[in-house]
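Below you'll find the structure, written out as structure tokens, and then a few comments.
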Amino acid sequence: MPSLLDRFRATGADLPWGDPLPAHGVATEGYFWKFTQPETGRILSAAIGVNQSPEGPWSTVIIAAHPSGFIRSAVHPDGFADPQKFGASAGALFTGEADRVVADLGPDARLDVRIVDPLPWPKRAFGGTSFFQSIPGLGHRWHPWLLGGRVVGTATIGNEQWNLDGAQVYGEKRWGSAHFPERWWSGSAQGFAEPGACVTFAGAKVISGRLSVETTLVSVRLPDGTVLRFGGPSTSHIRATVTPEKWSLHGRNPRSGIEIEAASPLDTAFVVPVPVPEERRNAPAAILHPLGRLNVTVRRRADIAWQGESTLATLEYGGFADARAELQRRGLDPESETAPPQAN
């Protein structure tokens, strides 16, 4: 019989000081890694979503890479999201753990890396979603569990062999219901002049009846290792102005302020899918920019604590209607699961 804690976590929530990384047992558990190699300009994203349907679990797997413009997605008829610790797998197709990621989506889409010197989210009462973490029944949640580190390993991308030794790594987890928001946005950036710095954010517009709510959450790892979080009910509101090509975020908490300006042209973006859990299929749903420019300013009261710029930011604008419109703009089938950039 499930414990009271198991039942609580099955709503998607976690108690204060709880660990959000083990699987909750909700409709979809998503795991995302990004590897950034500033010296070569290479960026590789890998993701697995373990989804629940009436017939049982199944998986969505994606690899996308820049500068090759390569993207590969797959549906696997099985999937496992570990309820005891961080980890997910889809047969021999994909295995993701806290210290290793292995993928084999064909002879031209392989990845095998180990994560060393990780810079995890610090031990705190709440993760990236603030005290939203402990509210049962929210549609979707987000936690940037890995804010840096290095990798050792290789990738096969098309007809190229990539040595990823020394690449910076970022990792996040997303989980929630089978129904995605009307619109969502996210981004992550490393490759700053200070190697330990990391900026990440996620937000969404949720409509329920006549109620429409927008929420954005931001986390920043400063070069000195300090981790700041912005966004949440009443305490540190983020004002977000977002389009498929621009992300403008401004906000503050009681001690600090944050300003983020990011941009990337549509022609350089992928179209990527999300799962439709009950139907065991993927659907085009988001515009993913692998190579955006992001400028960030962090203030402590009136003083600037840190300013940085990355030209290696990954930026996402999600929405089923927007993704289909972009596919049509490119002259493609609006039901195509993925699309590479038009310009690279």
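Just one of Ala302, Ala269, Ala286, Ala262 is surrounded by fewer than 20 Cβ atoms within 10 Å (Cβ to Cβ) and of a type in the set (A, V, I, L, M); which is it?
Details: Ala269 fails: surrounded by fewer than 20 Cβ atoms within 10 Å (Cβ to Cβ); Ala286 fails: surrounded by fewer than 20 Cβ atoms within 10 Å (Cβ to Cβ); Ala262 fails: surrounded by fewer than 20 Cβ atoms within 10 Å (Cβ to Cβ).
Step by step, each of Ala302, Ala269, Ala286, Ala262 is checked, and only Ala302 is surrounded by fewer than 20 Cβ atoms within 10 Å (Cβ to Cβ) and of a type in the set (A, V, I, L, M).
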Inspect the stretch 44-53 for any residue being in a loop (DSSP other than H, G, I, E, B) and within 25 Å of His179 (Cα to Cα) and give the result as yes or no. no
From Pro284, Pro290, Pro273, which residue is in contact with a His (Cβ under 6 Å, 6 or more places away or on another chain), under 20 Å from Ile71 (Cα atoms), part of a strand (DSSP E or B) and in contact (Cβ under 8 Å) with a residue 24 or more places away in the chain? Pro290
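Looking only at the stretch 195-210, filter to residues that are small (Gly, Ala, Ser) and either closer than 15 Å to Ala321 by Cβ or surrounded by 22 or more Cβ atoms within 10 Å (Cβ to Cβ) (or both); which one of those is modelled with the lowest pLDDT? If you could, list the steps in order and put the result at the bottom.
First, the residues of the stretch 195-210 that are small (Gly, Ala, Ser): 196-197, 202-204, 208-209.
Those left that are additionally either closer than 15 Å to Ala321 by Cβ or surrounded by 22 or more Cβ atoms within 10 Å (Cβ to Cβ) (or both): 197, 202-204.
On the way: Ala197: 98, Ala202: 97, Gly203: 94, Ala204: 91.
Filtering first and then ranking leaves Ala204.
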Hey, among the residues in the stretch 103-133 that are out of contact with any Pro (no Cβ under 6 Å at 6 or more places or on another chain) and at pLDDT below 95, which one's surrounded by the most Cβ atoms within 10 Å (Cβ to Cβ)? Thr129
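Would you kindly identify the strands (runs of 3 or more DSSP E) lying entirely within the stretch 112-198 that contain at least 3 residues that are within 26 Å of Glu261 (Cβ to Cβ)? Steps first, answer last, please.
Values: elements: 140-146, 150-157, 160-163, 168-176, 183-189.
Hits in the stretch 112-198: 140-146, 168-176, 183-189.
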The condition of being in a strand (DSSP E or B), among the small types (Gly, Ala, Ser) and free of Cβ contacts under 8 Å to residues at least 24 places away in the same chain holds, among Ser248, Ser310, only for Ser248
Tell me which residues, restricted to the stretch 172-194, are over 16 Å from the mean Cα position of the chain (by Cα), among the small types (Gly, Ala, Ser) and crowded, with 19+ Cβ neighbours inside 10 Å. Gly191
For the stretch 155-181, which residues satisfy the criterion of being of a type outside the set (Asp, Glu), more than 17 Å from Glu29 (Cα to Cα) and touching a residue at least 40 places away in the same chain (Cβ under 8 Å)? Ala155, Thr156, Ile157, Gly158, Asn159, Trp162, Leu164, Gly166, Ala167, Gln168, Val169, Tyr170
Between a residue in the stretch 55-76 that is closer than 17 Å to Val26 by Cβ and any residue that is among the aromatic types (Phe, Trp, Tyr), which pairs come within a Cβ distance under 8 Å, given they are 6 or more apart or on different chains? Pro57/Phe80; Ser59/Phe94
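The values are calculated or read from the model by the stated rules, or taken from the named source; none is laboratory data. Quantities reported herein were computed from a predicted structural model and do not represent experimental measurements. Neighbour counts are summed over all protein chains in view; Cβ atoms, including those assigned to glycine, are modelled from backbone coordinates with ideal geometry.
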